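I am attaching a structure below and will ask some questions about it afterwards.
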Amino acid sequence: MGGCVVSNVASNVETIEAGTERELQTMSGFYSDIVAPTGVYKYYLNGQWLESASGKSVSIINPSTRQTCYEVQACTQDEVNRMFDAAKAAQKAWARTPLWKRAEYLHKVAALMREHAQPIADCLVKEVAKPAKDSLTEVVRSADLLDYTAEEGVRFLGEGQLLNSDSFPGQQRNKMCLVSKVPLGVVLAIPPFNYPVNLAVSKLGPALMAGNAVVLKPPTQGAVAGIHMLQCFHAAGLPAGLLSLATGRGSEIGDFLTQHPGVNCISFTGGDTGIAISKKAGMVPLQMELGGKDVCIVAADADLAAAAKHIVKGGFSYSGQRCTAVKLVCVVDSVADELVAAVAKGVAALKVGMPEDDADITPVVSESSANFIEGLVMDAKEKGATFVTGEYRREGNLLWPVLLDHVTPGMRLAWEEPFGPVLPIMRVASTDEAVAHCNASKYGLQGCVFTRDINAAIAISDAMETGTVQVNSAPARGPDHFPFQGFRDSGIGSQGIRNSLAMMVKTKSTVINLDQETYTMG
Ligand SMILES: NC(=O)C1=CN([C@@H]2O[C@H](COP(=O)(O)OP(=O)(O)OC[C@H]3O[C@@H](n4cnc5c(N)ncnc54)[C@H](OP(=O)(O)O)[C@@H]3O)[C@@H](O)[C@H]2O)C=CC1
Ligand SMILES: O=C(O)[C@H](O)COP(=O)(O)O
């Protein structure tokens with residue numbers, strides 16, 4: 001460990017924990033502009049890294065040590081206003097920038113992200129306790145996403161439509177309608193803590209490629225990873241003003257951002273906050289990726305060993321802090337004992353520890369999150385669930401994985417999203433009962449079914465009211481070009497590279513009215 005990055009700004013922060021040698025080195029190189037001499041990370045406006053006039057900072061608590069690991073600026077409303085002004089001005093010129101050139105920028109950003117991936121990943125380890133290997137994977141996956149977006153964008157956005165009038169009854173062929181895709185204007189992008197880089201890039205890439213400007217509000221836990229990532233956009237030479245980054249607590253600046261008159265679209269990923277935002281938002285398009293309670297249905301004829309493997313991975317990767325985590329297993333009675341035993345064996349093999357050591361189960365993001373998860377577990381305990389994994393154990397934010405059998409619809413865990421290393425199992429009489437439970441949920445993100453019968457799989461998929469159903473694998477958003485969407489309280493609109501590009505444009509028609517009919521005769 002190297003020396004300390006100590007803040008002397010007026011804030012309620014004590015001492016910031018020691019920085020690594022690698023961090024200190026990177027601060028003097030590619031990333032030297034992003035942090036102020038005070039140690040507080042800067043916000044980004046008009047192509048510059050700046051300190052906020054507020055003189056205030058927000059602390060980021062390392063979930064593993066429960067000490068402050070970083071501080072970011074608490075941006076003011078005036079600074080946010082200037083971001084929207086700058087974005088509006090820069091967007092006009094950007095919309096006139098040829099598609100191939102926009103693509104070139106994104107490829108450049110992707111290359112820079114790969115080159116400078118490690119420091120971004122190091123931030124993820126500290127800010128959100130993501131295992132080291134997964135942190136690096138998130139950054140590389142994000143660079144791949146940008147490259148793909150650039151390639152898809154030049155084709156998809158370059159294509160329009162020509163409609164002739166005479167296909168509608170009573171019309172002659174004297175009108176031609178040219179349909180094109182035009183940018184929305186300024187997109188407000190708000191990603192969550194669990195994929196602060198990937199879910200930022202999945203908004204920024206399509207928005208910029210489609211000719212929009214972006215104001216990014218990163219999650220507080222994950223803000224410094226977001227700042228490092230944004231430096232790659234800056235270094236790629238993106239025009240000043242086109243992209244800004246505002247830090248500050250969502251609870252403090254969130255409403256000001258989402259209700260700002262300069263916003264032309266909100267692309268949000270997170271929890272129920274998104275529902276409140278949707279209700280308050282003005283007449284702007286919304287792309288909302290919200291919570292989930294992904295149900296895994298195991299039929300009597302399933303390959304139980306394979307199902308158990310997928311369930312353990314799906315339920316406990318990143319300690320269950322994925323919107324697509326398996327959050328409830330509904331297994332048919334006749335095979336329940338065998339499945340539970342196989343899952344228990346897999347859970348027992350999970351390594352519990354620190355993200356730096358690449359443990360499978362690492363501390364959850366915050367103390368309040370750990371308390372919430374514990375509340376769900378205790379509710380199930382009081383109501384008679386069986387603790388398959390033995391005694392409940394917690395140290396700080398680190399929760400040992402919990403596998404609960406005999407969960408019933410009367411327990412909170414049958415319906416609520418723990419976002420932690422807790423997996424409830426409900427025994428059901430039939431797959432129909434499982435589907436009915438899934439469809440009674442307020443969420444409808446993904447689901448999965450394990451069966452050897454493809455006809456049964458398709459029938460169950462048809463019956464499950466969720467945005468995606470995975471057959472014989474756990475739910476997942478990736479690969480990033482697959483459409484990804486939630487029904488009911490799980491979202492509005494769709495993600496996935498092509499769908500995100502489509503959500504970042506509006507349709508514009510130009511109708512050419514001719515004095516005479518026109519037919520191309522060949
Ligand atoms: N469907 C999907 O694709 C995904 C859904 N999720 C869901 O996200 C949740 C976990 O992420 P988490 O970060 O805790 O979610 P939150 O909803 O708490 O926060 C998401 C983002 O919203 C910001 N925010 C908070 N309050 C406001 C506000 N009033 N106005 C505007 N922005 C605000 C947060 O900032 P700050 O951090 O400063 O509070 C953060 O950047 C889970 O429910 C999970 O299922 C996660 C990933 C993918
Ligand atoms: O937040 C999440 O859960 C992500 O959107 C999930 O992505 P993944 O399923 O590809 O890990």
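The values are calculated or read from the model by the stated rules, or taken from the named source; none is laboratory data. All values derive from a computational prediction rather than experimental measurement. Virtual Cβ from ideal backbone geometry, glycine too; neighbours counted across all protein chains shown.
Do we have residue 313 as among the charged types (D, E, K, R) and away from ligand 1 (no atom under 16 Å from the Cβ) here?
The answer is yes for residue 313.
Report yes if residue 290 is within 15 Å of ligand 2 (Cβ to nearest atom) and either buried (at least 17 other Cβ atoms within 10 Å of the Cβ) or charged (D, E, K, R) (or both), otherwise no.
Yes, satisfied.
Now for a separate question. Check region 85-101 and report whether any residue there is surrounded by fewer than 16 Cβ atoms within 10 Å (Cβ to Cβ), aromatic (Phe, Trp, Tyr) and in the same structural domain as residue 264 (by TED's automatic domain parsing).
So far as region 85-101 goes, yes, one or more of its residues are surrounded by fewer than 16 Cβ atoms within 10 Å (Cβ to Cβ), aromatic (Phe, Trp, Tyr) and in the same structural domain as residue 264 (by TED's automatic domain parsing).
Also: Looking only at region 238-271, which residues are more than 16 Å from ligand 2 (Cβ to nearest atom), assigned to a loop (DSSP other than H, G, I, E, B) and touching a Pro at 6+ places or on another chain (Cβ under 6 Å)? Outline the logic, then answer.
Residues of region 238-271 that are more than 16 Å from ligand 2 (Cβ to nearest atom), as a first pass: 238-266.
If we keep only those that are assigned to a loop (DSSP other than H, G, I, E, B) too, we end up with 238-242, 246-249, 259-264.
Within region 238-271, no residue meets the criteria.
Please determine, by comparing only the residues of region 114-155 that are among the β-branched types (Val, Ile, Thr) and more than 26 Å from residue 361 (Cα to Cα), which one is surrounded by the most Cβ atoms within 10 Å (Cβ to Cβ).
Step one: list which residues in region 114-155 are among the β-branched types (Val, Ile, Thr), which gives 120, 125, 128, 137, 139-140, 149, 154.
Filter once more, so that each one left must be more than 26 Å from residue 361 (Cα to Cα): 149, 154.
Values: 149: 31, 154: 19.
Among those residues, the one meeting the criterion is 149.
When you go through (1) under 14 Å from residue 187 (Cβ atoms); (2) within 9 Å of ligand 1 (Cβ to nearest atom) one by one for residue 287, which number turns out not to apply?
It is condition (2) that residue 287 fails.
Moving on to the next point. Kindly evaluate residue 311 against the criterion of being assigned to a helix (DSSP H, G or I), farther than 23 Å from residue 402 by Cα and not aromatic (Phe, Trp, Tyr). Spell out the reasoning first.
On the way: assigned to a helix (DSSP H, G or I): yes; farther than 23 Å from residue 402 by Cα: no; not aromatic (Phe, Trp, Tyr): yes.
In short, no.
Can you confirm whether region 214-232 contains a residue that is outside any strand (DSSP E or B), under 28 Å from residue 502 (Cβ atoms), touching a Lys or Arg at 6+ places or on another chain (Cβ under 9 Å) and away from ligand 2 (no atom under 16 Å from the Cβ)?
The answer is yes, given that some residue of region 214-232 is outside any strand (DSSP E or B), under 28 Å from residue 502 (Cβ atoms), touching a Lys or Arg at 6+ places or on another chain (Cβ under 9 Å) and away from ligand 2 (no atom under 16 Å from the Cβ).
Is it true that some residue in region 24-33 is within 22 Å of residue 248 (Cβ to Cβ), of a type in the set (D, E, K, R), at pLDDT below 60 and more than 16 Å from ligand 1 (Cβ to nearest atom)?
Among the residues of region 24-33, not one is within 22 Å of residue 248 (Cβ to Cβ), of a type in the set (D, E, K, R), at pLDDT below 60 and more than 16 Å from ligand 1 (Cβ to nearest atom), which makes the answer no.
For region 458-512, give me the residue count where each residue is more than 22 Å from residue 304 (Cα to Cα) and either over 19 Å from the mean Cα position of the chain (by Cα) or part of a helix (DSSP H, G or I) (or both).
Looking only at that region, the number is 18.
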